[in-house]
Amino acid sequence: MTSAGFNVTSSLTLVGFSSMSGHSSLLFFVFLLVYLFVLFSDSLVIYIICSQRALHRPMFAFVASFLLNSLTGSTLVYHKLLSDLLLSGAGLVQVSRTLCLCQGFLVSSLGGSSFLLLSAMAFDRYLSICHPMHYAVLVTPAKVVLMLLLCWMLPAILGVVSTLLASRLPLCRAQLDRAYCDIYSIVSLSLV
């Protein structure tokens, strides 16, 4: 099923910072500082929550999980972004379609997890404020683990489905106007 309009190439071009190609070293330094700050602060809070027995409560389990999600997402995006800024002189970055789909899966999965983790934290706070007498019965450690598993697994399953569907689409262009890959951008390159 190939025609003249289809792009059957296996690589995509990211042009997110092509207009700032002369400032790549400055951007690299700024993004490196931001990434190191996120890495240090999130790791420190996770360490404190894990090491202090008094913080082993449902709310802090959700906070630690949210920070782990933030740490994973930051590492995913900043690692690729920093290497692209360091290695690309012209501002255009070639990336394989498979790698782009993998990054898109992780971005959508981690993004969905962050929304669900925030919702779980809000639900936990709702129960503790509006139903304080029943909180210990309603929020057990087993239910916290179940909610955390749902917060991580449901977006991952949806991410797999959307990534598989996006991988089957024929592309009519190979240029993404972003500095990273996400599923919506890949779908926008298709003929459909």
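The numbers here are math on the coordinates, done by the rules we state, and not lab data. Just so it is clear, the structure is predicted and the values come from calculations on it, not from any experiment. For neighbour counting, all protein chains shown are included, and Cβ atoms are generated from backbone atoms with ideal geometry for every residue, glycine included.
If you go through segment 59-71 one residue at a time, do you hit one that is surrounded by fewer than 14 Cβ atoms within 10 Å (Cβ to Cβ) and more than 13 Å from the chain's Cα centre (by Cα)? No - not one qualifying residue is present in segment 59-71. Filtering SER108, SER128, SER119, SER74 for residues that are closer than 22 Å to PHE40 by Cα and either under 21 Å from the mean Cα position of the chain (by Cα) or part of a helix (DSSP H, G or I) (or both) leaves a single hit, SER74.
Looking at CYS151, CYS181, CYS100, can you tell me which residue is surrounded by 19 or more Cβ atoms within 10 Å (Cβ to Cβ) and part of a loop (DSSP other than H, G, I, E, B)?
Result: CYS181 is the single residue among CYS151, CYS181, CYS100 that is surrounded by 19 or more Cβ atoms within 10 Å (Cβ to Cβ) and part of a loop (DSSP other than H, G, I, E, B).
Of all the residues that make up segment 158-171, how many are surrounded by 13 or more Cβ atoms within 10 Å (Cβ to Cβ) and either touching a residue at least 60 places away in the same chain (Cβ under 8 Å) or part of a loop (DSSP other than H, G, I, E, B) (or both)? Qualifying residue count for the region: 6.
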